[in-house]
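Reviewing the structure listed below.
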Amino acid sequence: MTAGGGAGTDPGRAQLLTRVREKLAATAQEPTPEVMAAVVRAEAGGVLGDTDLLDALRFLQTELVGAGRLEVLLAGPAVNDILVVGPKQVWTDQGRGLERSDVEFEDDDAVRRLAMRLALAAGKRLDDAQPWVDGQLTGLGRRGYSVRLHAVIPPIAVDGTCLSLRVLRPATQNLDALARSGAIDPEALALLEAIVDARLAFLVVGGTGAGKTTLLSALLGRVDPAERILCVEDAVELAPQHPHVVRLVARTPNVEGAGEVPVRALVRQALRMRPDRIVVGEVRGAEVVDLLTAMNTGHDGGAGTLHANSTAEVPARMEALAALGGMDRPALHSQLAAAISVVIGVFRDSAGSRGVSEIGMLRRDDDGLVCVDAVWTRAGGFTSAATALAAVLDGRLAR
């Protein structure tokens, strides 16, 4: 028997490990090597040799502890995502796009067992009656990062159990560090600093993994140290270098469907905590209504991130989210025009490079709808709309 998958080649040993796994699952004890060794010896009746015992412990380690055989991938310093499709396809993203890993599972049952165990650790349920799960794990990998979990099992997942793990590292880089890395053009850097100093409300927009949270965290580090920042997130990612940050984190329902604390409720709580700036780590649902309301009640300089392909798509994207909160189109555009001044677009190319791609200014058109005028683009620099933004900045900074 080998640690990777030889258990299935010997029916007797496979049955032994099944009994051990079931016994360990039924006990409340932490599955430490000592506990596992004692259970293995007890179930084997004392006839297991040292070599087989070590093999059994290695196998059980992958079955019962942490992320199993994915632990070695989570330990990678640059890994962002681990994607599993069935037993033989394990992919990673380490900033260079998706790459095939040499990690494999014995069969799809092994992937399913891991997915079910991780779901249970996240306080969720994954079985035939509930064939998908979305949750968050803490303490995985050697660095103990939080990890966002998603899993889907057959028959919904046709090609085998699909498991997705996204590593949520705290975003701690400041603006100067991003500028030195080339992520922020010098022209854009000066404009971004002025936007924060003038307390203009802004959104950072882009696709998945484009660096929205990293840029937002860096911008918040520019905020006056005398100001109090209230950050609301669905997972702990923002870590601005600022002396007065209060972070509130949403909670999903437990296995019984109770205990949910949505982002929308936390935005309302943030309003009562004497904020100077309210920040929503990612606007993805009905909480957009409460965020816009907050920004229109005297809380300047608010911010958030939004999934969008470009800054021009922000009004349409906000319309869709506001509809979830019961806000109609005219009301959304009215609130949006009054609440948000600037949108900042970020990109990620095929080589894994990330950075600020464009900066736009919101403007209400003659028909009452909001549109976005490009002020600066990475490819072309400043546009004619920069004059309008400069006037707004001058007026705010002169106060």
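The numbers here are math on the coordinates, done by the rules we state, and not lab data. The structure presented is a predicted model; accordingly, all values stated were derived computationally and were not measured. Glycine also receives a Cβ, built like all others from the backbone with ideal geometry; neighbour counts cover every protein chain displayed.
Under a 5 Å amide H to amide H cut-off, with H placed in plane at 1.01 Å, what residues pair with S146 once short-range neighbours are removed?
Close amide H contacts, sequence-distant or interchain: G139, L168.
How high is the relative contact order of the range 121-213, in percent, counting Cα pairs under 8 Å that sit 6 or more residues apart?
15 percent.
Using only the alpha carbons of the range 175-398, what is the convex hull's orientation-averaged projected area in square nanometres?
13.0
Taking N as the number of residues in the range 205-338, what value does Rg over Cα atoms divided by 2.2 N^0.38 Å take?
Relative to the 2.2 N^0.38 Å estimate, the range 205-338 comes out at 1.03.
May I ask you to evaluate 6.51 cos²θ - 1.76 cosθ + 1.60, the Karplus curve with θ = phi - 60°, for each residue of the range 270-287 and list the ³J(HN,Hα) values in order in whole Hz, giving x for glycine and proline?
4, 4, 9, 10, 6, x, 8, 9, 10, 10, 10, x, 8, 8, 9, x, 5, 5
Give a residue-ordered list of calculated ³J(HN,Hα) values for the range 314-321 (Karplus: 6.51 cos²θ - 1.76 cosθ + 1.60, θ = phi - 60°; whole Hz; x for Gly, Pro).
For the range 314-321, the Karplus curve yields 4, x, 5, 5, 5, 4, 5, 5 Hz.
Counting only the backbone N, which residues of the range 295-321 are under 11 Å from the spot 7 Å out from the Cα of A338 toward its beta-carbon?
Of the residues in the range 295-321, 295-298 have backbone N under 11 Å from the label point off A338.
Sequence-distant or interchain residues sharing an amide H contact under 5 Å with G86, placed H: which?
Amide H neighbours of G86: T161, C162, L163.
With each pseudo-label sitting 7 Å past Cα toward Cβ, what's the V392-A258 distance in nm, one decimal?
Each label point is offset 7 Å from its Cα along the Cβ direction, giving 4.7 nm.
Between R19 and L98, how many nm apart are label points set 7 Å from Cα along the C-beta direction?
With each label point 7 Å from Cα toward Cβ, the separation is 4.2 nm.
Let me check I've understood the local charge: for W91, count other residues with C-beta under 9 angstrom from its C-beta, Lys and Arg +1, Asp and Glu -1. What total comes out?
-2
By average Cβ neighbour count within 10 Å, what is the ranking of 372-385, 287-300 from highest down?
In descending order of packing, they fall as 287-300, 372-385.
For a quick size check, give me the Cα extents of the range 68-119 along its three principal axes, largest first, whole Å.
Rounded to whole Å, the extents work out to 30, 19, 15 Å.
Can you list residues whose amide H is under 5 Å from G221's amide H, if they're 5+ apart or on another chain and H is modeled 1.01 Å from N?
Correct list: Q241.
On full extension of the chain, what length is gained from W132 through R268, given 0.36 nm per residue of separation minus the C-alpha to C-alpha distance?
Taking 0.36 nm per residue and subtracting the Cα distance, the gain is 46.0 nm.
For the range 117-229, take every pair of Cα atoms, bin their distances at 5 Å starting from 0, and report each bin as a whole percent.
The percentages, shortest bin first, are 2, 10, 15, 16, 12, 11, 10, 9, 7, 5, 2.
Kindly state, to the nearest 0.05, the FRET efficiency for R251 paired with V35, given R0 = 35 Å and r defined as their beta-carbon distance.
0.70
Got a sec to turn the phi values of the range 68-81 into Karplus ³J(HN,Hα) couplings, 6.51 cos²θ - 1.76 cosθ + 1.60 with θ = phi - 60°, whole Hz, x for Gly and Pro?
For the range 68-81, the Karplus-derived couplings read x, 6, 7, 4, 5, 6, 4, 6, x, x, 10, 5, 9, 9 Hz, x marking Gly and Pro.
Across every pair of different alpha-carbon atoms, what Kirkwood hydrodynamic radius in Å does the range 317-397 reach?
With all distinct Cα pairs of the range 317-397 included, I get 14.3 Å.
In terms of the ratio Rg/(2.2 N^0.38 Å) built on C-alpha atoms, what value belongs to the range 69-169?
In units of the globular-protein estimate, the range 69-169 measures up at 0.99.
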